[in-house]
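Enquirer: Before we start, here is the structure in question, set down as structure tokens.
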Amino acid sequence: MTEVPVITIDGPSGSGKGTVSQQLAARLGWHYLDSGAIYRALAYAVELAGLELTEEKEKIVSLALELKLAFKPAADGGADVLLAGTDISSSIRTEECGAMASKLAADGDIRMALLQRQRDFRQPPGLVADGRDMGTVVFPDAAHKFFLTASAQIRAERRYKQLKEKGINDSIPRLFTVISERDARDAGRTNSPLIPAADAIVLDTSEMSLEQVIGHVRQKVGYQSL
Ligand code: C5P
């Protein structure tokens, strides 16, 4: 039996990986995994349950294993995130939730508890997986791996626009600081750090439009429908 094909798109926040991945998945008619949303949903659930990472890690691991999470296609091409039936899509998009997710994501046991849930997204006809360790840990056998980067300033500006579109007001200088902190934590951790897989193609998207990034991907993967 041939394996279901996977394209992995990893990179720091604001590198454009979310938009690119969603577009690729839509154009190919493939499934889309927003792995960051899983870490964010866990952070939301941990906060709701009032659990502390330092003292109650085992409970957090259990919560991660049992998380009643569902993704529902949204009008904007993305997915609504439902936790036990409640739509938490907007609540998990704040930088505060991102920072909490990043703290939980540094723990190896918590990552392990979320691993199979991510692999289960690999369903025919194919999967575009977006995250930090898609190409290194979750789908190491993916046929095509990309790692998107962009300057910290550009990433903060993109994030500002994204949040604004979702009705969340923030400021570019503040986002620059919090995103830089989060990326430093994600890149510096021992467990699944934010690094390109050895066989990933690294693309700096600072000066590139969405169509240009998709053009590069199309050239590399050669799928006709892109
Ligand atoms: O991609 P997003 O910004 O939604 O991810 C939120 C946080 O979740 C990241 O900063 C990172 O710490 C964590 N994450 C991860 N591995 C992934 C996806 C996200 O550690 N595959």
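Enquirer: Report, ordered by chain and residue number, the lysines lying within cross-link reach of K59, taken as a straight Cα distance under 19 Å and ignoring same-chain residues fewer than 8 apart.
Expert: Output for K59: K68, K103.
Enquirer: How high is the FRET efficiency from K68 to T177, r the C-beta distance, R0 22 Å, rounded to 0.05?
Expert: Once rounded, the FRET efficiency stands at 0.05.
Enquirer: Picking from I9, S90, A64, whose Cα lies most toward the positive end of the charge dipole for region 1-102 (charges on Cβ: Lys, Arg +1; Asp, Glu -1)?
Expert: The residue sitting most towards the positive pole is I9.
Enquirer: Still on this structure, I have one more. Give a residue-ordered list of calculated ³J(HN,Hα) values for region 66-73 (Karplus: 6.51 cos²θ - 1.76 cosθ + 1.60, θ = phi - 60°; whole Hz; x for Gly, Pro).
Expert: My calculation for region 66-73 gives 9, 3, 8, 10, 9, 10, 10, x Hz in order.
Enquirer: With every protein chain left in place, what is the accessible area per residue of the chain in square angstrom, probe 1.4 Å? Mind dumping the intermediate values first?
Expert: Details: 10850 Å² over 226 residues.
Ligands and nucleic acids excluded, the result is 48 Å² per residue.
Enquirer: Next question. Dipole of the chain, Cα-centred, from +1 at each Lys and Arg C-beta and -1 at each Asp and Glu C-beta, to the nearest 20 debye? Intermediate values should be presented prior to the final figure.
Expert: Values: 27 positive and 30 negative charges, 81 e Å.
Result for the chain is approximately 400 debye, rounded to the nearest 20.
Enquirer: Can you give me the long-range amide H partners of H144? Hydrogens built in the peptide plane at 1.01 Å from N, cutoff under 5 Å, separation of 5 or more residues or another chain.
Expert: Amide H neighbours of H144: V6, T8.
Enquirer: Let me ask something else about it. I need the peptides 50-59, 156-165, 3-12, 101-110 ranked by packing, meaning the mean over residues of other C-beta atoms within 10 angstrom, with the highest value on top. Please report the intermediate quantities before stating the final value.
Expert: Working: 50-59: 11.6, 156-165: 16.7, 3-12: 23.1, 101-110: 19.1.
Highest mean packing first, the order is 3-12, 101-110, 156-165, 50-59.
Enquirer: Let me ask something else about it. Which whole-number percent of Cα pairs in region 6-216 have a distance greater than 29 Å? Write down the numbers at each step before the final one.
Expert: On the way: 4050 of 22155 pairs.
Counting every Cα pair in region 6-216, those more than 29 Å apart make up 18 percent.
Enquirer: Using alpha carbons only, how many angstrom separate the centre of region 52-121 from the centre of region 175-226?
Expert: So the separation of the two Cα centres works out to 21 Å.
Enquirer: What's the extension gain from A187 to M112 if we count 0.36 nm per residue and subtract their Cα-Cα distance? Provide the component values of the computation, followed by the final result.
Expert: Working: separation 75, 0.36 × 75 = 27.00 nm, distance 1.79 nm.
Stretched out fully, the A187 to M112 stretch lengthens by 25.2 nm.
Enquirer: Convert each backbone phi in region 36-48 into a coupling constant with the Karplus relation 6.51 cos²θ - 1.76 cosθ + 1.60 (shift: θ = phi - 60°), then list the ³J(HN,Hα) values in order as whole Hz, x for Gly and Pro.
Expert: Per-residue couplings from phi come out as x, 5, 5, 5, 5, 5, 5, 4, 4, 5, 5, 4, 4 Hz.
Enquirer: Run the reach check for K220 against aspartates and glutamates, Cα to Cα strictly under 13 Å, same-chain hits fewer than 8 apart removed. What comes back?
Expert: Once the sequence-local aspartates and glutamates are set aside, what remains near K220 is D199.
Enquirer: Rounded to the nearest percent, how much of the accessible area of the chain (1.4 Å probe, protein heavy atoms only) is carbon and sulfur? Don't skip to the end; give the middle numbers.
Expert: Details: 5810 of 10850 Å².
Carbon and sulfur atoms account for 54 percent of the accessible area of the chain.
Enquirer: How far apart, in nanometres, would the label points at E165 and S151 be if each is projected 7 angstrom from Cα along the Cα-to-Cβ direction?
Expert: 2.2
Enquirer: Can you give the extra length, in nm with one decimal, that the chain gains between D141 and E52 once fully stretched, where that is 0.36 nm per residue apart less the Cα-Cα distance? Can you show the working numbers first?
Expert: Values: separation 89, 0.36 × 89 = 32.04 nm, distance 3.50 nm.
Here the segment from D141 to E52 would lengthen by 28.5 nm.
Enquirer: With both partners inside region 6-216, how many of the DSSP beta bridges are antiparallel, as a percent to the nearest 5?
Expert: Working: 7 of 24 bridges.
Of all bridge pairs located within region 6-216, approximately 30 percent are antiparallel.
Enquirer: Between A99 and D204, what is 0.36 nm times their sequence separation minus the Cα-Cα distance? Round to one decimal in nm.
Expert: Working: separation 105, 0.36 × 105 = 37.80 nm, distance 2.37 nm.
Extra length available between A99 and D204 comes to 35.4 nm.
Enquirer: Shifting gears a bit: With a cut-off of 8 Å between alpha carbons and a minimum separation of six or more residues, what is the relative contact order of region 76-180 in percent?
Expert: Values: 50 pairs, mean separation 23.0, N = 105.
Relative contact order comes out at 22 percent.
Enquirer: Related question: Please list, in order along region 143-160, the HN-Hα scalar couplings obtained from phi with the Karplus expression 6.51 cos²θ - 1.76 cosθ + 1.60 (θ = phi - 60°), rounded to whole Hz, x for Gly and Pro.
Expert: Result, ordered by residue: 6, 9, 10, 10, 10, 9, 10, 6, 5, 4, 5, 4, 5, 5, 5, 5, 4, 4 Hz.
Enquirer: Mind ordering 82-94, 118-130, 35-47 by average Cβ neighbours within 10 Å, highest first? Walk me through the intermediate numbers first.
Expert: Values: 82-94: 15.5, 118-130: 18.3, 35-47: 22.1.
Answer by packing, highest mean first, reads 35-47, 118-130, 82-94.
Enquirer: Given contacts defined as C-alpha pairs under 8 Å and at least six residues apart, what's the relative contact order of region 6-216, whole-number percent?
Expert: On the way: 333 pairs, mean separation 72.2, N = 211.
Rounded, it is 34 percent for region 6-216.
Enquirer: A further question on this structure: Around L33, which amide H atoms from residues at least 5 apart in sequence, or from another chain, sit under 5 Å from its own amide H, with H modelled in the peptide plane?
Expert: Those qualifying (amide H under 5 Å, at least 5 residues apart or on another chain) are V128, A129, D130.
Enquirer: Using label points projected 7 Å from each Cα along Cα→Cβ, tell me how many nm separate D87 and E211, to one decimal.
Expert: 3.1
The values are calculated or read from the model by the stated rules, or taken from the named source; none is laboratory data. Since this is a predicted model, take the numbers as computed values, not measurements. For neighbour counting, all protein chains shown are included, and Cβ atoms are generated from backbone atoms with ideal geometry for every residue, glycine included. All accessible areas refer to the heavy atoms of the entire protein, side chains included, with ligands and DNA or RNA removed. Shrake-Rupley method; radii C 1.70, N 1.55, O 1.52, S 1.80 Å.
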